[in-house]
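Note sheet for the following structure.
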Amino acid sequence: MAAVCAASRVLGRKIVSSKALPVVWQTSNRKLHFSVYGKGGDAKVSDAISTQYPVVDHEFDAVVVGAGGAGLRAAFGLSEAGFNTACVTKLFPTRSHTVAAQGGINAALGNMEEDDWRWHFYDTVKGSDWLGDQDAIHYMTEQAPAAVVELENFGMPFSRTEEGRIYQRAFGGQSLKFGKGGQAHRCCCVADRTGHSLLHTLYGRSLRYDTSYFVEYFALDLLMEDGECKGVIALCMEDGSIHRFRAKNTVIATGGYGRTYFSCTSAHTSTGDGNAMVTRAGLPCQDLEFVQFHPTGIYGAGCLITEGCRGEGGILINSEGERFMERYAPNAKDLASRDVVSRSMTIELREGRYNILNLYYNINLLFCAQNTVITHKDGEDTVVPGLYACGESGCASVHGANRLGANSLLDLVVFGRACALTIAETDTPGEKLSPLKPNAGEASVANMDKIRFANGSTRTSEIRLNIYSFQQSIVWNTDLVETLELQNLMLNGVQTIVSAEARTESRGAHAREDFKDRVDEYDYSKSLQGQVKKPFEQHWRKHTLSYVDPKTGKVTLEYRPVIDNSLNAEECAAIPPAIRSY
Amino acid sequence: MARHSKLQKQVLSLYRQFLRAAQDKPGFIPRIRDEFRVSAAIKKTDVMHIEYLYRRGQRQLELLKDVNTKQLGSFSKSKEDSS
């Protein structure tokens, strides 16, 4: 296995064996035998069979994993373009975590004051601490007004101004005139339930199209062959059957992994399943160390107070009654970007003047550039054919080191739609599928089987103290699904830890006590004249790519440069790095 | 000979629909037969269980009828491998 990997590196391609066992699985010599009922020799084998997993094969043009904001938008975008689409989700669409978003969607509509998407572009690039890929940010901010208008046409009930235009509120990190014109009001909202409205609007809209929804199907793994993604294998929770969805295009929109932390505001279902699937397929995840801590989360309760409160005039005060943000961010004050506010709060806390923080959102998860999952070999980005990612699981290049509030709902709709458009450009509906090995997905089923019959002394929940064997049926086995989710969380967690430890600087949401400064290729706090550019290995303005070795659980890190040029330099000039202050 | 009850008729009708739908797709018919045969052992009086399986069967039938469903295979684990 190691030799094969070494050889493939030399050839410049990553070859992934469909027999590779994932990291948190111990080596198992349980071989599963694949057969089609009624074809060849079943009668002879039947006496010796102890367990059988029926596998239903489906064929589609495209399959979307996840039915949150990004997943729904991608799924019905693809159906609209004529593709035969399946949407596989472990939750009913309206229960995805998008529903919990409160703040709003940023778009430079200019309803409250004069606005320009290039100012939004500047704010997002600055907010990402210059770790965001500027071409992706250009795309997102330029498409933002059109995306919001499209949502409004779908029937999303935005709050309105007196003239009847969409109401936009102030939000963290948004400014006018490239930071010089004061606070911008560009966050379009629906009272304090924007995510809820968004998800229900998208769901209602999706019913007009003929996407096939597979609800309460837990996606186990990607079906990879020869470095190409050929579909997904999933477990139907209702009746325990396995389903293989073969498709030329797979879109991952599975959301984040907040549940790796004890105190978080994510749903119990935010377990990073998509990231883990990609990791087990041998592909890298990008920038997992940038986990965002929301300034106004409530420790222990697992919920948060929306940034919209601060947008509508709320202020943060410490135990001495002082509006402490004035000291840390003189211009933006409480509406500075989230990582700045969180850091300020930490300092106040340390100095004994405040209460505890809480985790909010994961940024920079799946590696992607304009939605395609790539590997980076020998200094070049190469695309993994057939695989795309959008939403929180694919947001890496846009938010960089820190996500600005209200940019994430925007990210969902813009890149969900972009995924559908990209697939429509590169493919035609009804294309014949490339052949797949008959036993594709065997390793996933073997793993699931091993977990199902596991008889260790520690329970998944680790809360119940009695030791009795839990129900081992395959139907509605929520313990089994929780254990699979735990496997996924562990994969995400280990990558986050190792990436965070390796990054010896503080940037955006990644803050370190021992390395407090940002380390770029130049020192931007001084004039660039006479400075020598640091080589790639010596500075940190680069994306982390983390891989996990299936056999040992070891995490390897590689790095990829940030894309500093925008899509079109004439329309929108790229922003050179600078010191970040609000 | 006792006539079939309404529920029995529904189950039989479901069985027929399944067989019809599974004609062109390899691997389904033996499995359908097995499932119905096993479930036939359920007591006639255990109506809740029967109705649950009937509803589940209807959902599975819809899936089977869908043009994108292609075949049924299985991954089996032999007894020697179980530790």
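FYI, it's all coordinate maths here, none of it is from the lab. Bear in mind that the values here come from a model prediction, so they are computed numbers and not experimental data. Note: ideal-geometry Cβ built from the backbone for every residue, glycine included; neighbour counts use all protein chains shown.
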Divide the volume of the convex hull of the Cα atoms of the stretch A:87-214 by its number of residues and quote the answer in cubic angstrom per residue.
-> 122 Å³
Stretch gain in nm, segment A:Arg323-A:His539, where the contour uses 0.36 nm per residue and the Cα spacing is subtracted = 74.2 nm
Least to most buried among A:Val56, A:Val341, by other C-beta atoms within 10 Å and fewest first, runs A:Val56, A:Val341
For the stretch A:487-578, count all C-alpha to C-alpha pairs, find those more than 14 Å apart, and express that count as a whole percent of the total.
-> 73 percent
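Which pairs, out of A:Lys90/A:Lys126; A:Lys177/A:Lys534; A:Lys432/B:Lys70; A:Lys90/B:Lys65, put more than 24 Å between their alpha-carbon atoms? Mind dumping the intermediate values first?
On the way: A:Lys90/A:Lys126 36 Å; A:Lys177/A:Lys534 31 Å; A:Lys432/B:Lys70 14 Å; A:Lys90/B:Lys65 22 Å.
Beyond 24 Å between Cα atoms: A:Lys90/A:Lys126; A:Lys177/A:Lys534.
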Packing-wise, with mean Cβ within 10 Å as the measure, how do A:80-87, A:321-328, A:428-435 rank, highest first?
-> A:80-87, A:321-328, A:428-435
Average partner coverage of A:55-63, which counts Cβ from other chains inside 10 Å = 5
Enter the Cα centre distance for the pair the stretch A:206-264 and the stretch A:532-582, rounded to the nearest angstrom.
-> 29 Å
Mean Cβ-within-10 Å packing, highest first, puts peptides A:241-251, A:210-220 in the order A:241-251, A:210-220
Sticking with the crude label model, points 7 Å out along Cα→Cβ, report the distance from A:Tyr522 to A:Glu163 in nm, one decimal please.
-> 4.2 nm
How many partner chain Cβ atoms sit within 10 Å of a residue's Cβ in peptide B:23-30, on average, as a whole number?
-> 4
Chain B - charge dipole about Cα centre, Lys and Arg +1 at Cβ, Asp and Glu -1, debye rounded to 20 = 380 debye
Could you work out the local net charge near A:Leu176, counting Lys and Arg as +1, Asp and Glu as -1, over the other residues with Cβ closer than 15 Å to its Cβ?
-> +1
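Between A:Val475 and A:Phe154, what FRET efficiency follows from the Cβ-Cβ distance if R0 is 35 Å, with the result rounded to 0.05?
0.40
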Can you give the three extents of the C-alpha atoms in chain B along their principal axes, from longest to shortest, in whole Å?
-> 45, 38, 23
Provide the packing ranking of B:48-58, A:413-423, i.e. peptides ordered by the mean count of other C-beta atoms within 10 Å per residue, highest first.
-> A:413-423, B:48-58
Normalising by the residue count of chain B, find the relative contact order in percent from Cα pairs under 8 Å and 6+ residues apart.
-> 41 percent
Likely footprinting exposure, B:Ile29, A:Ile575, fewest C-beta neighbours within 10 Å first | B:Ile29, A:Ile575
Over the stretch A:479-582, what relative contact order in percent results from Cα pairs under 8 Å that are six or more residues apart?
-> 19 percent
Order by neighbour count: B:Asp66, A:Asp449, fewest other Cβ atoms within 10 Å first, most last.
-> B:Asp66, A:Asp449
What percent does the relative contact order of the stretch A:70-206 come to when contacts are Cα pairs within less than 8 Å and at least six residues apart?
-> 36 percent
